[in-house]
């Protein structure tokens, strides 16, 4: 201890008592690698007291120059160019799979077999069949598993879930959701794995549609029937060397849904929508009111309650989801001081770490590999419906 009013060293002191460390081994270091690492670094001092402190053990990628730079930039203790070697590291307790879609199944299955808890980016797999092999592996291994449907952990969306759970909205009649972006329509953009079916599995469907399909299940319930239409507007794209190569995924899709609870709905996603940057929006209509959300204004809910206002001024009103009693907000700032897209990952990983440390369920608020598999079944059904022109019953 120092003199009264003087300096006291905290060297070697833990931030909140005997908080366990959880070793992270991350596959992939680009867009999602940056988002995930940002969350790991925020958790110890913002999700306070932390249930666990992420230890950034290793990051893995095929390009040694790039992955070594990522390790330096993000602060990982080391790097690998072979995920198999990384999984031999006993300091790693969580395998964070942020690789391309074709690198989800094999490494995640191997991680589960090695006794690692597995966190995997969405979509869980390229097909339902592939997703089922991953689900079987984590269940057999008895490890914790989670799919990165991070929008569940946006405070406004979790608040919508709580309102629905409370029964305040009453019986749900309608769900409609769109996820629209513009970047895919650039004809000069060199082809990437996201436009190749063998690697990605699907296009806008798995990239964007998987998110709103998950939200439909999270907020409304299980779909029992779908009818879909997919389309590819740009079947060839430049390869960067002056040649055109095949682009064989859907650029956009739309689907009708019938839910087990009696609601009906639509989901639509596209990467061909000029002016739309990251427009993930849904509306739910129930017997007692409606809820509308737009990810680009993620701290807000537009709500309407029957009989809530005088009829002369009755209509939707904007609710700012930033109070200390709203989901996750006690960890952040005074009300009205907004948080952003990246904070959903801190909430998500904190939830996963809590499930690991305290042996609590990941579901129903977190998406498990069961949810990832169900999501893949629905995506496959939409593709099948588009090919046949027929409605498809959902069977897990």
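Considering the range 21-148, its Cα convex hull presents a mean projected area of 7.1 nm².
Counting every pair of alpha carbons in the range 151-393, the share spaced more than 29 Å apart comes to 35 percent.
Based on the mean of other Cβ atoms within 10 Å per residue, sort peptides 94-102, 318-326 so the most packed one is first.
Highest mean packing first, the order is 94-102, 318-326.
Its DSSP H runs of at least 4 residues, each contributing -39,500 (n - 2.57), put the calculated 222 nm mean residue ellipticity of the chain at -9000 deg cm²/dmol, to the nearest 500. Cβ-to-Cβ counts within 10 Å put 57, 249 in ascending order as 57, 249, the fewest first. In plain terms, the chain from residue 188 to residue 396 could stretch by 70.9 nm, reckoned as 0.36 nm per residue minus the Cα-Cα distance.
By the count of neighbouring beta-carbon atoms within 10 Å, fewest first, 109, 213, 284 end up ordered 109, 284, 213.
Can you pull the one-decimal nm distance between simple spin-label points at residue 139 and residue 287, each 7 Å off the Cα toward Cβ? So the label points at residue 139 and residue 287 sit 3.4 nm apart.
Over the chain, calculate the relative contact order: mean separation of alpha carbon pairs under 8 Å at least 6 apart, over the residue count, as a percent.
19 percent.
Measuring from centroid to centroid over Cα atoms, what is the spacing of the range 317-396 and the range 92-159 in Å? So the two Cα centres are separated by 14 Å.
For residue 384 and residue 357, the difference between the fully extended length at 0.36 nm per residue and the C-alpha to C-alpha distance is 5.6 nm. Between residue 239 and residue 41, the modelled labels are 3.8 nm apart [label points 7 Å from Cα along Cα→Cβ]. Modelled spin labels at residue 77 and residue 197, positioned 7 Å past Cα toward Cβ, are 4.4 nm from each other.
The value of relative contact order for the range 21-148, using C-alpha pairs under 8 Å at least six residues apart, is 23 percent. Estimated at 0.36 nm per residue, the fully extended path between residue 106 and residue 224 surpasses their Cα-Cα distance by 39.5 nm.
The alpha-carbon atoms of the range 258-396 define a convex hull whose volume equals 193 cubic angstrom per residue.
Within a 10 angstrom radius of the beta carbon, how do 60, 273 rank from fewest other beta carbons to most?
Listing 60, 273 from fewest to most nearby Cβ atoms yields 273, 60.
Quick note: the coordinates plus some simple rules give every number you see, no bench work behind them. Given the structure is predicted, the values throughout are model-derived calculations rather than measurements. Reconstructed Cβ throughout: ideal geometry from the backbone, glycine too, with neighbour counts over all protein chains shown.
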